[in-house]
Amino acid sequence: LQPIRRFHFDAAVIFSDILVMPYALGRVVRFEAGEGPRLDPLDTPEAIATLQREADFAKLEPVYETLRRVRAALDRSVAVIGFCGAPWTVATYMVAGQGTPDQGPARMMAYRHPEAFAAIIDVLVENSIQYLLGQLKAGADVLQIFDTWAGVLPPREFQRWSIEPAKRIVAGVRAQAPDAKIIGFPRGAGALLPSYVEATGVDAVSIDWAAEPSLIRERVQNRVAVQGNLDPLALIAGGAALDRAVDDVLENYASGRLIFNLGHGILPETPIAHVEQMVARVRACPLY
């Protein structure tokens, strides 16, 4: 890790797949080339009853070790960001055994068997709290709760399966680490973002590239910092399109508290030269 000292970082994100938590809970997790993750599905209440309640955190030691090594290699002025998958999003993979276009299997389970589905959520909440506390102990300065599939939920279900679990995780972490800084990311939440921010108590919220700027400025950024929201495809496109997209983010949000970032994860085929173009343009902005 010593070569990273040669570069200037504003922050470093320690990435591990969100499905490390099911793995630590004793579920079989495998990745198939061209297909993505595969798990043994928890697709009936009877199957859910077999889920162990406490994770084997020794299985997560590689994440903690990575945090310790990166923290030691970076200047203390550089924030190290850890994260976990939000219970709703992780549960969608656990129920279906894989990703699906609209996470229909998990949504159907939540409608038909809400008590059984809540059992998965409860296990994920309690163990995610401990996982994040372990990341703080290992050197993380900031934590993020990553809810990729929050946007498929209607308002009532969003409250129950996205907001409430995130609220419990934030409260659980701060019960033992009162000063913990936490970012929430309910991707696709749209107009439900203000209620997410108010209810969960997060310090910042990530926004995806489809977020409505006036809503974010007037009802979200006036309360917490926002992180985002460049379209990852604009980063692949590069050129003038990328410059325009970067400028749009800065014009919309740089006068307030902003962590410039993508509206979701960077895609594997992204040219490094385009990342350099983006960073140079952001750093040249007088407001940022």
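The table below gives the values:
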item: Enumeration of residues in the stretch 148-183 that are polar (S, T, N, Q) and either on the phi > 0 side of the Ramachandran plot or under 16 Å from the mean Cα position of the chain (by Cα) (or both); result: THR148, SER162
item: Criterion (within 25 Å of LEU132 (Cβ to Cβ), modelled with pLDDT of 95 or more, of a type in the set (Phe, Trp, Tyr) and part of a helix (DSSP H, G or I)) met by exactly one of TYR93, TYR111; result: TYR93
item: Residue within the stretch 117-133 that is modelled with pLDDT of 95 or more, open to solvent by less than 20 Å² (accessible area, probe 1.4 Å) and among the hydroxyl-bearing types (Ser, Thr, Tyr) present; result: yes
item: Failed item, numbered, when ALA140 is tested on (1) assigned to a loop (DSSP other than H, G, I, E, B); (2) surrounded by fewer than 18 Cβ atoms within 10 Å (Cβ to Cβ); result: (2)
item: Failed criterion for ILE163 (all others in (1) under 21 Å from GLY104 (Cα atoms); (2) touching a residue at least 40 places away in the same chain (Cβ under 8 Å); (3) assigned to a helix (DSSP H, G or I) hold); result: (2)
item: Some residue of the stretch 173-182 being surrounded by fewer than 22 Cβ atoms within 10 Å (Cβ to Cβ), assigned to a helix (DSSP H, G or I), touching a Ser or Thr at 6+ places or on another chain (Cβ under 9 Å) and in contact (Cβ under 8 Å) with a residue 12 or more places away in the chain; result: no
item: Residues of the stretch 68-90 satisfying the condition of being surrounded by fewer than 16 Cβ atoms within 10 Å (Cβ to Cβ), of a type outside the set (Ser, Thr, Tyr) and part of a loop (DSSP other than H, G, I, E, B); result: ASP75, ARG76
item: Selected residue (criterion: modelled with the highest pLDDT) from residues of the stretch 1-16 that are open to solvent by 80 Å² or more (accessible area, probe 1.4 Å) and within 29 Å of VAL125 (Cβ to Cβ); result: VAL13
item: Inter-residue pairs, beta-carbon under 6 Å, first of a type in the set (Ser, Thr, Tyr) and in the stretch 191-203, second not in a loop (DSSP other than H, G, I, E, B), 6+ apart; result: TYR196/ILE163; TYR196/PRO186; THR200/ALA166; THR200/LYS167; THR200/VAL170; THR200/GLY184
item: Conditions (1) within 15 Å of the chain's Cα centre (by Cα); (2) closer than 17 Å to ALA171 by Cα; (3) part of a helix (DSSP H, G or I): number failed by LEU133; result: (1)
item: Residues being free of Cβ contacts under 8 Å to residues at least 12 places away in the same chain and under 30 Å from ASN222 (Cβ atoms) - total across the stretch 249-285; result: 5
item: Matching residues, the stretch 17-57, being open to solvent by less than 60 Å² (accessible area, probe 1.4 Å) and in a loop (DSSP other than H, G, I, E, B); result: ASP17, ILE18, LEU19, LEU25, GLY26, ARG27, PRO41, LEU42, THR44, LEU51, ALA55
item: Any hit, the stretch 234-242, residues being of a type outside the set (A, V, I, L, M, F, W, C), within 22 Å of PRO155 (Cβ to Cβ) and in contact with a helix residue (DSSP H, G or I) (Cβ under 8 Å, 6 or more places away or on another chain); result: no
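Let's see how each residue does on (1) hydrophobic (A, V, I, L, M, F, W, C); (2) surrounded by fewer than 19 Cβ atoms within 10 Å (Cβ to Cβ):
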position	(1), (2)
MET108	yes, yes
GLU115	no, yes
TRP149	yes, no
ARG187	no, no
LEU193	yes, no
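The values are calculated or read from the model by the stated rules, or taken from the named source; none is laboratory data. Since the model is a prediction, treat every value here as computed from it, not as a measurement. Note that each Cβ is placed from the backbone with ideal geometry, even for glycine, and that neighbours are counted across all protein chains shown. To get the accessible areas, we keep the full protein, side chains included, count just its heavy atoms, and leave off ligands, DNA and RNA. Shrake-Rupley method; radii C 1.70, N 1.55, O 1.52, S 1.80 Å.
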